[in-house]
Structure formats: C-alpha cells, structure tokens
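First up is the structure itself, then whatever we jot down about it.
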Amino acid sequence: MAAFKWKEEYNLNIEEIDKQHKKLMEIGERAYDIAIIDDGYDRYDEIMTIIDELLEYTKYHFEYEENMLKEYNYNHTHDQAEEHEIYVNKINKVSSREDIDENQRKIILEIIDFLSEWISKHIMIADRGYAVFLKTVV
Ligand SMILES: [Fe+2]
Ligand SMILES: [Fe+2]
C-alpha cells in the first residue's frame, strides 16, 4: 500500500526516529498484505501477532520520543504525549475486542486505517514539529 512505502517526505532526519517510523510502516505493510489475501484461510493468529507487535512497538516508540523531547525541554512534549495516548488507547481498544475472530477483515482494515492516519497526521505534522525544533537546539 502506497501509504506504507517509505517516502522522502517522511524523513525527519533523526536517524533513530526515522528507523522507528520505518518499523511502524513495516507493520502496516504486513497488515495490508494480510488484508489483500482473499483465500478463505483463517488469519486469526497472524492478526493477533500484528496487533500485539503494534501495541508493543508503539509503546516503545512513544516512550522513546517523549523521553527525548523532555530531555531537550521541547515545549509541546505534553501535546505529543496526549496524541500518543490517544493512539495507544485505540490499539488497546482493538486488541481487547471479543469479535476479532469473527471480524478478521474488519479488524485488519481498522489497523490499516489507523496506521495510515497516524502517518499522515501525527508523523507528518506533530513529529515534524519537534524535528524542526530539535534542529535548532542540537
Ligand atoms: Fe513518532
Ligand atoms: Fe510522536
């Protein structure tokens, strides 16, 4: 899916952060691969693996960013943390749904939707904001 292919405009030119964002897109790409196969096979285990991995990596990435921003006294750290919390809550909500098995397709599309929104809204706007700031202080 086009949204999950790394583009020059996604680069914040902070090596570790770009690496982590790439990893998140790779998870999105895998979710998309599952969504487009229509062979009637049960994908429950694969979907659960993706959700778990997404949750775990998201928490890791957000914590990393927030610690980095605190360290540099970025004045929008709180806004970053608030947006992050919304995303974590969204994944938590998906992961605790009891109808994942019956609604596999719907769930995987929700994950894709969620990740592409995250890329276009959070990475491209909020994260870009701190990247501009960090360039002035580092
Ligand atoms: Fe980020
Ligand atoms: Fe962020």
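The values are calculated or read from the model by the stated rules, or taken from the named source; none is laboratory data. Bear in mind that the values here come from a model prediction, so they are computed numbers and not experimental data. Here the Cβ is made from the backbone with ideal geometry for all residues, glycine too, and neighbour counts use every protein chain on show. Note: accessible area is taken over every heavy atom of the protein model, side chains too, but ligands, DNA and RNA are not part of it. Shrake-Rupley method; radii C 1.70, N 1.55, O 1.52, S 1.80 Å.
Structure summary
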| read-out | value |
| --- | --- |
| Top of GLU65, GLU15, GLU110 by mean-square fluctuation, Gaussian network on the chain, Cα under 10 Å | GLU15 |
| C-alpha center-to-center spacing [the range 96-131, the range 1-31] in angstrom | 13 |
| Solvent-accessible surface ranking, highest first, for ARG105, ARG30 at 1.4 angstrom | ARG105, ARG30 |
| Qualifying chymotrypsin sites (Phe, Trp or Tyr not before Pro) in the range 55-138, DSSP loop, other Cβ atoms within 10 Å at most 16 | TYR72 |
| In sequence order, calculated HN-Hα J values of the range 105-121 (Karplus, 6.51, -1.76, 1.60; Hz; x Gly/Pro) | 5, 4, 5, 5, 5, 5, 5, 4, 4, 4, 5, 6, 5, 4, 5, 6, 8 |
| Heavy atoms of LYS135 accessible to a 1.4 Å probe, total area in Å² rounded to 10 | 120 |
| With every protein chain in place, the chain: carbon and sulfur % of accessible area (1.4 Å) | 51 |
| Proximal charge balance of ASP113 [Cβ under 14 Å; K/R count +1, D/E count -1] | +3 |
| Over 21 Å between alpha carbons, listed pairs LYS7/LYS106; LYS7/LYS90; LYS19/LYS135 | LYS7/LYS106; LYS7/LYS90 |
| 13 Å beta-carbon shell around ASP18, net charge (K/R +1, D/E -1) | -2 |
| Accessible solvent surface per residue of the range 73-138, calculated while the other protein chains remain in place, 1.4 angstrom probe, Å² | 58 |
| Environment charge of ILE34, counting only residues whose C-beta is closer than 12 Å and scoring Lys/Arg +1, Asp/Glu -1 | -4 |
